[in-house]
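Inspection log for the structure reproduced underneath, given as C-alpha cells.
The values are calculated or read from the model by the stated rules, or taken from the named source; none is laboratory data. Note that the structure is a prediction, hence the values are computed from the model and not measured. Cβ coordinates were reconstructed from backbone atoms using ideal geometry, including for glycine residues, and neighbour counts include every protein chain displayed. Calculation scope for accessible area: heavy atoms of the full protein, side chains included, ligands and nucleic acids excluded. Shrake-Rupley method; radii C 1.70, N 1.55, O 1.52, S 1.80 Å.
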Amino acid sequence: MNNILKTLHEFRKYPSAIVGSVIILALISIAIYTTIKIPYPEAIRLWRGGQDVWYQNPVNAEPIWFNIFRKEKLPESFALQSDESNKIVTQNTEGFNVIEITYPFDYSFDSFPQELTLFFKADYDEKQPYVSATLLTPDEREIRIADFAVAASQTYIFSQDSRLERRLGGLVPREGLFLNPDSDSPKPVQGQYTLKLKILTFEKDSDVNAEFVLYGNVAGWAGTDHMRRDLSVALLWGTPVALSFGLLAALGTTVTTMIIAAVAVWYGGWVDNLIQRITEVNLVLPFLPILIMIGTFYSRSILTILGATIILSVFGGAIITYRAVFLQVKESPYIEAAQAYGAKNGRIVLLYLIPRIIPLLIPQMVTLIPSYVFLEASLAVLGLGDPVLPTWGKVITDAISKGALYQGHYYWILQPAFLLMLTGLAFAMLGFVLDRIFNPRLRGV
Amino acid sequence: MAETTFQPDSLAVERRKHGTTTFARVARYTLARVITLFLTTVVGVYLTILIANMGGYVDQIQRATIREDVNQIVRTDVSFKALSQVERDSRINEMIRLREERVGLDQPFMVRSVRFLTNAMTLNLGWAQNMASDSGSRQVRNIMLERLPPTLFLFATSNILLFFFSVLIALSLSRRYGNFWDRVLVGLAPTGSAPGWFYGIFLILIFAAVFRVLPYGGMVAAPPPPNPFDYFLSLLQHLALPVLAITLSTIFLNAYNWRTFFLIYSSEDYVEMAKAKGLSQRMLERRYILRPTLPTIISTFALTLITLWTGAPILEGVFNWPGLGQTLLRAIGQYETSVIVGSTVIFAYMLAITVFMLDFIYAIVDPRVKVGGGIKHK
C-alpha cells in the first residue's frame, strides 16, 4: 500500500504521465460508451450495410465541424420525410386523393450541394400516381422541376434529369436550382427554399410518401466514406478494438516471456539452451510475412491474429533482458534460503523469482501496447484486418486505396490516424514515466 | 566492462604487437556465426513451411505446377486428340497421379517437408498463377529477385542515415544534457511507437498533396528520364519521402536510448580520469565514450533493423515503391500462395543477413568477442 502511494506521489511529478493517463482513461470511457451504445451486431450491420442503411448520406462528405473553420460554409446534408405535418390530402371531385407535400428548408451555405434526390413509396393497384414537383426559391422564383408517374418504389435524382438541365439553361440541376441569376460569380441564393410536390392519384386508396434528401458536402461529426458510411461508427468501434488488441497482446506477450525466462534461468542446462536457440530462430523469422501467411491461408479473425502475434513475439528480444535480470536474482540469498527450507521449483519460480521482475515488466508492457495497436492497423492496411469489425486501420486502408490523398479527402485519413497517434502516444508517455519510476537507475538522466 | 576498458591504450598496444590476432579472432568468430545463422535460417524456413502447409498450401503449389505441366503436354500431343473425352480425362488423371508419386506427394508429410525445405531454401518455388515479373517470367524466383534491389537500396540508405544521425544527435545531446533540445528529444521519444508507414501518410499529405514539391510514390518518374544524371535526380526525389518516413519513425527513440547510454558511460571513472588529463572533447568522445558503448549500440540497432524489415511491406505499399514488400502485397491481393511463401523465405534470409552483418561489425568493434562466447547482450 505504502509502495503504491509512493509511486502515485512520484507520478505527480511527471506531467506527461498525467496527460497520458487522462488520454487513456478518456479512450477507455469512449470504448465502454461505444460497446453499450452500438452493440457488436449493430456495429457490424451498420458497417457492412450498403445503400439501404446509408442512402441518406452523401459520398465522401467532410465532418460537419469543418464548417466552423471555413469562411465559405459547405452545405450540410439533411433528409426530410413526408408525414402529417407537411402532407395535405384532399379529395377531388372524382373521389381520388390529391396529395400535397411541402418540404421547407433553409439553405444558407456558400456552395452547391452534391445531389438532390426524392425517394418515393407509392401504394396503388394499376394506375400510377402522377407527381409534379416545383421549387420555390428565396428570391421568389418558381422553378418547375419535373412531372412524372411514380412506380411502387422510385428514386428521382435531380441532376440526372436532362430535361430539367435544359430548362435551367444547360446548368447541372444541383447548381442551377440554387444559382443566383443576378450575381457574376457562381453563388447560391441563400434563404428559405420550399420544394413542393403535387401528387394526383387515380385510385380510391392510393397513397404516396416521399423522402427528400439533400446531399451536402458535410455530414455527421466524422464525415462519410466512398460507400456513404458514417465514419463515426468505425472511429468509435476502432477504440475498443485497438485498446483490447493492444492490451491483450502486450499482456500475453510480456507475461509469457517472463515465465519462460524465469524457467530458463531457474532450470538452466538444456532448458536454458533450448530457449536461447528458439530465441535465435525467432529473430530471423519474419514476423509480418508470417502473420500475412496466416491471415491469407487460415483466418483473418482478430482472435487468430492475436494468438499468432503473441506466439511469435513471446521469444522476442525481451527474453534476453529478463534473463539477465533473473540471472542476478537467482544468486540472491533469499532464493538460497527458500531452497534451504525445501521450497519446490515451481514455488521458487512463481513466488520468488517472478515478483522481483514486475517493476521492470510493467513499464515494458505499457510501452509495448502502442506497437500492437499499430500492428493491428498495419494488418488492416495490408488488407488482413478482421473481416467484419470496423477499425481505424480499415478506414485508413479504404482511404489510401480510394486515393483520398490525391483527391484531397484528408479528413478520411487524418481522423483515424489522429486517434491511432493519440492512443500510441498516451501509452508510450505513460510507459516512459513508469520506466523512470520503477527503474531508478535511469532517473538521473 | 571495467577491466577491459580501464586501460584502452595497453589493449591497443597489444593489438599492434600481434597484428594477426584481430583478424584471426574476427575470422573465426565470423565463420562460427555463419554456420549457426545458416542453421538458424534453415530452422526458421522449415517452421515457415510447416505453418504454410498446415492448410496444405505448399502441396497445392506443387499440385498446381504438375497439373499445368500435364496440360501443356496434352495440348501439344496429337495422340490425345483421337481419344474420347472420358478416356482423355482418365489418361490425364493417371499422368498427374504418376507425376505426383514421382515427386513424392504420396509420401508422409515429414518426408515431403524436407524436400520442400530444400526447394524453399533455393527459392525453387515453381510458377506463379497470375503474377509475372517485369521481364515477363512467371517463375516465382524471378518475380522476387527482380524486386530485391529496390528494397535493398531503400533500406540500406535509410538505415545508414538513421544510424549516423542517431549517433550524432545522441552524442551532441549527451554533452548538453538537460538543455532545451535535450528536453525536446525526451518529449519526442514516445513517437517511436508509430511505424514508418504511418509517418509516410503524413509526409505524402504534406509534401505531395498540399505543397506538391515531392512525388506521391514510385521509384522514378514515369517515363524514366533517359539521361543518367536526371535519372539519379528523379530517384533521389522519390527516395526522399520513404527515407524520411523510416528515419522519423525511429530516430527519436534511438537517439534517446543512446543518449542515455552515453550519459551512463560518461560518468564512469575512466572518463573523469581522461578529462582530468586534459584530453580534448573529441578524443574523449571517440575513445572513452563511443568506443565502449558501440557494442551495446550495435546490438540495440539490430533490434531496430529487424522491426524496420518487418514494416517493409506496408511502407513500400504506401509509397508504391517497387520492392519485395510491394510484391508481397500484390501476392496477397491475388492470392498467389507461392509468392507469399517465397517472400516470407526471402525476408527470413534478409533478417539473417542483417543479423550476420551486425554481428560482424560487433566482432570488429568489441575486442572481447570470442568464438563460443556469443554476443553479450547488455
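Things worth noting here:
- Scanning region B:189-203 for residues that are open to solvent by less than 20 Å² (accessible area, probe 1.4 Å) and closer than 11 Å to A:Tyr410 by Cα turns up just one, B:Ile201.
- Being crowded, with 18+ Cβ neighbours inside 10 Å and farther than 16 Å from A:Asn209 by Cα is a description that applies to A:Leu116.
- A:Leu384 vs. criteria in contact with a Leu (Cβ under 8 Å, 6 or more places away or on another chain) and in a loop (DSSP other than H, G, I, E, B): yes
- Counting residues in region A:407-414 that are more than 11 Å from chain B (Cβ to nearest Cβ) and open to solvent by 30 Å² or more (accessible area, probe 1.4 Å) gives zero.
- Per-region count, region B:261-288, residues without any contact (Cβ under 8 Å) to a residue 12 or more places away in the chain, assigned to a helix (DSSP H, G or I) and within 14 Å of chain A (Cβ to nearest Cβ): 1
- Summed over region A:305-322, residues that are open to solvent by less than 50 Å² (accessible area, probe 1.4 Å) and either within 12 Å of another protein chain (Cβ to nearest Cβ) or among the hydroxyl-bearing types (Ser, Thr, Tyr) (or both) total 10.
- Among the residues of region A:222-240, those that are closer than 15 Å to A:Ala61 by Cβ, outside any loop (DSSP other than H, G, I, E, B) and open to solvent by less than 20 Å² (accessible area, probe 1.4 Å) comprise A:Thr224, A:Leu231, A:Ser232, A:Val233, A:Ala234, A:Leu235.
- Scan of region B:206-216 for residues that are open to solvent by 20 Å² or more (accessible area, probe 1.4 Å), at pLDDT below 90 and either more than 10 Å from chain A (Cβ to nearest Cβ) or assigned to a helix (DSSP H, G or I) (or both), ordered by number: B:Val210, B:Phe211, B:Arg212, B:Val213, B:Leu214, B:Pro215
- Boolean, B:Gly200 is within 13 Å of chain A (Cβ to nearest Cβ), in contact (Cβ under 8 Å) with a residue 24 or more places away in the chain and either within 19 Å of B:Ala312 (Cα to Cα) or among the small types (Gly, Ala, Ser) (or both): yes
- Screening region A:344-371 for residues that are open to solvent by less than 20 Å² (accessible area, probe 1.4 Å) and within 27 Å of B:Ala189 (Cβ to Cβ) and picking the one that is farthest from the chain's Cα centre (by Cα) gives A:Ile357.
- Scanning region A:67-89 for residues that are open to solvent by less than 70 Å² (accessible area, probe 1.4 Å), of a type in the set (S, T, N, Q) and farther than 20 Å from A:Val172 by Cα turns up A:Asn67, A:Ser82, A:Asn86.
- Across region B:228-242, the number of residues qualifying as over 11 Å from B:Leu154 (Cα atoms) and buried (at least 18 other Cβ atoms within 10 Å of the Cβ) comes to 1.
- Any hit, region B:110-125, residues being assigned to a loop (DSSP other than H, G, I, E, B) and in contact (Cβ under 8 Å) with a residue 60 or more places away in the chain: yes
- So B:Ala132, is it surrounded by fewer than 20 Cβ atoms within 10 Å (Cβ to Cβ), free of Cβ contacts under 8 Å to residues at least 40 places away in the same chain, within 14 Å of another protein chain (Cβ to nearest Cβ) and closer than 30 Å to B:His238 by Cα: no
- Residue within region A:353-365 that is under 20 Å from A:Gly424 (Cα atoms) and of a type in the set (Val, Ile, Thr) present: yes
- Single residue of region A:420-438 satisfying the filter (of a type in the set (A, V, I, L, M, F, W, C), buried (at least 20 other Cβ atoms within 10 Å of the Cβ) and more than 8 Å from every other protein chain (Cβ to nearest Cβ)) that is farthest from A:Ala26 (Cα to Cα): A:Ile437
- Odd one out for B:Leu203 among (1) modelled with pLDDT under 85; (2) of a type outside the set (Ser, Thr, Tyr); (3) assigned to a helix (DSSP H, G or I): (1)
- Whichever residue in region A:274-299 is outside any helix (DSSP H, G or I) and open to solvent by 10 Å² or more (accessible area, probe 1.4 Å) and, among such residues, is farthest from the other protein chains (Cβ to nearest Cβ): A:Ser299
Yes/no per residue for (1) within 14 Å of chain A (Cβ to nearest Cβ); (2) on the phi < 0 side of the Ramachandran plot; (3) free of Cβ contacts under 8 Å to residues at least 12 places away in the same chain; (4) open to solvent by 30 Å² or more (accessible area, probe 1.4 Å):
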| residue | (1), (2), (3), (4) |
| --- | --- |
| B:Phe155 | yes, yes, no, no |
| B:Ser158 | no, yes, no, no |
| B:Phe163 | no, yes, no, yes |
| B:Gly187 | yes, yes, yes, yes |
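- Enumeration of residues in region A:119-147 that are within 28 Å of A:Glu72 (Cα to Cα) and either open to solvent by less than 20 Å² (accessible area, probe 1.4 Å) or not acidic (Asp, Glu) (or both): A:Thr134, A:Leu135, A:Leu136, A:Thr137, A:Pro138, A:Arg141, A:Ile143, A:Ile145
- In region A:394-411, the residues that are in contact with a Gly (Cβ under 7 Å, 6 or more places away or on another chain) and touching a residue at least 40 places away in the same chain (Cβ under 8 Å): A:Lys394, A:Tyr411
- When region B:311-328 is filtered for residues that are at pLDDT below 85 and either open to solvent by 20 Å² or more (accessible area, probe 1.4 Å) or in the same structural domain as B:Asn53 (by TED's automatic domain parsing) (or both), only B:Gly311 remains.
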